[in-house]
Amino acid sequence: MSKESGTVGVAGVSVGAGDEESLRSRLFGDESGLRNVGLGLLGTVAFLLVWHLGALAVGGILLPTPLAVAQAFLTELTAPVTFVLPVLGTEIPATRLPVKLVESLYHYIPGLLIGSVLGIASGVAMGWSGSLDAALTPVTRVLRPIPPLAWIAFAIIWLGVNHNGAAFIVGIGAFWINFYNAYSGVEGVPTDLKEVAASLGVDDDLTMIRKVVLPAASPSIMTGIRTSIGQCWMIVVAAELFGAPGVGFQIINAAQNLSMDVSVAYMLVISAVFLVSDGVFRRVEQNVLEWRA
Amino acid sequence: MSTEEQGVQNAQNAQKVHVDGLGKRYESDRQTVQALQDVNFGVDDGEFVCIVGPSGCGKTTLFRLIAGLEDPTTGAVRLDGTPVEGPGTDRGMVFQEYGLFPWRTVRENVSFGLEEQGVEKAERGRRTSEMLELVGLDEFADAYPRELSGGMKQRVGIARALAVDPELLLMDEPFGAVDAQTRDMLHEELLSIWSETEKTVLFVTHDVEEAVTLSDRVVVMAADPGRVREVVDVDLARPRERTDAEFAEYVEHIRGLIGE
């Protein structure tokens, strides 16, 4: 896919517009002008007000005020802790919130990467090969409906309550999402394109997959990756409820100590991380799929 | 081999395409369909031949057999004397729905076949530009297919098929999806490309006027089972006018054969 500087310019414009659109639409759900931004701000302020009043009415621990949450957020952001580098064991002075986020990333990223790669590879293989599809469809039909968290017992006895165990759960989630998107993407590649490619000299499966099937299925594959980026944050939190360290563990741990403000602060961290990672991937997607309208 | 047999052999070899006793039967649990039965005809080198017929006459099946996308049940298709087995770069295909690679720019679509043949980058660029100029799309080289009109897309399809310098250009209702005005223009362009490149063209259509406008000969087919009704030589000077009395006679004759 060429992105030479001399292209029609449609690409540049659409990416530029996309940045603004994604940021604004992430926050306000629409990008049709200033009026909607204003309405979005109004709604946010109203929500915070209702929350605040509600918290005052309920009082104390049951529901923290937005201000208490903001304060807890700042405290967590600045509270000094020592961060021990895994493997190396070096101790580095740091603060709590970023450290918890990094801990979550330690199982989120490997789980997401390995699960996605395996999912895409299996999906492409089964979408491409009719006999592989026929052989494995019964197995995939049975295994797919099992929620990733149902594997927690295996994760614990195989790998333990640690990053590996949590990464395993995240990986299972990423696997199925990417598997089905890649599979349906490959199945949906128009026959015309494969026939044209064959008439233009493509005569082996690998070349056909690389030069025709993968690019044609890429919109579907990209959707799978993006969906899994979001879904895996949900899975991270759930997996950490069982004790693996990270943001999710902080949410439940703080709540058990009745520090609801801290708990909510970490909930918002998940939200922020999701918005950032989704936004970043949207840009990647727009660049990779610039050939689409 | 006797001199006489040699003569027959040479005559066959002079023909670019030789369709010989071609039959195609589709069998399923419930029914058997004889899509084509004993189809015989030849196409000379550099000739423009159209295949017309009612729907269900097997003209698309015939196209697919010649393209090598399906195997015949009986008989064979020979290109320059060699039986066709599977698709290949000796036959360039153009489809009604264009079949362009949407993730590739116009230039990248046209150079696809050259990449597969391992043609060097500089030569590829030169050849691609030449093809784009031939179909009048040099200014849209960096556009993506979605940015093009139907007529432009089909020009890309033609340029892409011609880029690998095939022996035969196979077209399956290539202008079926464009409006009448664009189609007239594309007819003129295709004829000028044809005379410039001296390619042999086999063109499938259901439009009798289109067939008479374009071809040296028209293979008229009939349905149930799909077979050749008659091969009509169109003995008219080009450019042809639809309003001509003779043109109208050809059209009427072929329509009569089809039973329209």
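The values are calculated or read from the model by the stated rules, or taken from the named source; none is laboratory data. The model shown is predicted, which means the values in this text are computed figures rather than measured ones. Cβ atoms come from the backbone with ideal geometry, glycine included; neighbour counts cover every protein chain shown.
The number of residues in the range A:238-288 that are within 15 Å of A:ARG96 (Cβ to Cβ) and in a loop (DSSP other than H, G, I, E, B) comes to 4.
Could we say that B:GLN181 is more than 8 Å from chain A (Cβ to nearest Cβ), surrounded by fewer than 21 Cβ atoms within 10 Å (Cβ to Cβ) and out of contact with any strand residue (DSSP E or B) (no Cβ under 8 Å at 6 or more places or on another chain) here? Yes: the conditions hold for B:GLN181.
One residue alone among A:LEU159, A:LEU149, A:LEU214 is closer than 30 Å to B:PRO87 by Cβ and among the aliphatic types (A, V, I, L, M), and that residue is A:LEU214. Scanning the range B:156-175 for residues that are part of a helix (DSSP H, G or I) and within 13 Å of B:GLU189 (Cβ to Cβ), we see that the one that is nearest to the other protein chains (Cβ to nearest Cβ) is B:GLY157.
Would it be correct to say that B:VAL218 is more than 30 Å from B:THR89 (Cβ to Cβ) and crowded, with 23+ Cβ neighbours inside 10 Å? Considered against the rule, which asks whether it is more than 30 Å from B:THR89 (Cβ to Cβ) and crowded, with 23+ Cβ neighbours inside 10 Å, B:VAL218 comes out as no. All conditions in (1) outside any loop (DSSP other than H, G, I, E, B); (2) more than 23 Å from A:LEU200 (Cα to Cα); (3) away from chain A (no Cβ under 14 Å) hold for B:GLU196, with the sole exception of (2). Comparison of B:LYS16, B:LYS24 shows that the only residue that is under 17 Å from the mean Cα position of the chain (by Cα), among the basic types (Lys, Arg) and not in a helix (DSSP H, G or I) is B:LYS16. For the criterion of being touching a Leu at 6+ places or on another chain (Cβ under 6 Å) and modelled with pLDDT under 95, B:GLU230 passes.
The helices (runs of 4 or more DSSP H) located wholly in the range A:152-200 that include 1 or more residues which are crowded, with 19+ Cβ neighbours inside 10 Å, away from chain B (no Cβ under 14 Å) and in contact with a Gly (Cβ under 6 Å, 6 or more places away or on another chain) occupy A:152-159, A:163-187. If you take the residues in the range B:128-148 that are more than 19 Å from B:TRP103 (Cβ to Cβ) and small (Gly, Ala, Ser), which one is nearest to the other protein chains (Cβ to nearest Cβ)? So, considering only residues that are more than 19 Å from B:TRP103 (Cβ to Cβ) and small (Gly, Ala, Ser), the one nearest to the other protein chains (Cβ to nearest Cβ) is B:SER129. Restricting the range B:62-96 to residues that are closer than 17 Å to B:GLY226 by Cβ, touching a Lys or Arg at 6+ places or on another chain (Cβ under 7 Å) and away from every other protein chain (no Cβ under 14 Å) leaves a set whose member that is surrounded by the most Cβ atoms within 10 Å (Cβ to Cβ) is B:PRO72. The requirement of being free of Cβ contacts under 8 Å to residues at least 12 places away in the same chain and either touching a Phe, Trp or Tyr at 6+ places or on another chain (Cβ under 9 Å) or not in a strand (DSSP E or B) (or both) is not satisfied by B:GLU210. State whether one or more residues within the range A:205-217 are among the polar types (S, T, N, Q), modelled with pLDDT of 95 or more and either assigned to a helix (DSSP H, G or I) or surrounded by fewer than 17 Cβ atoms within 10 Å (Cβ to Cβ) (or both). Yes. The set of residues in the range B:97-117 that are of a type in the set (Gly, Ala, Ser) and more than 9 Å from chain A (Cβ to nearest Cβ) contains only B:SER111.
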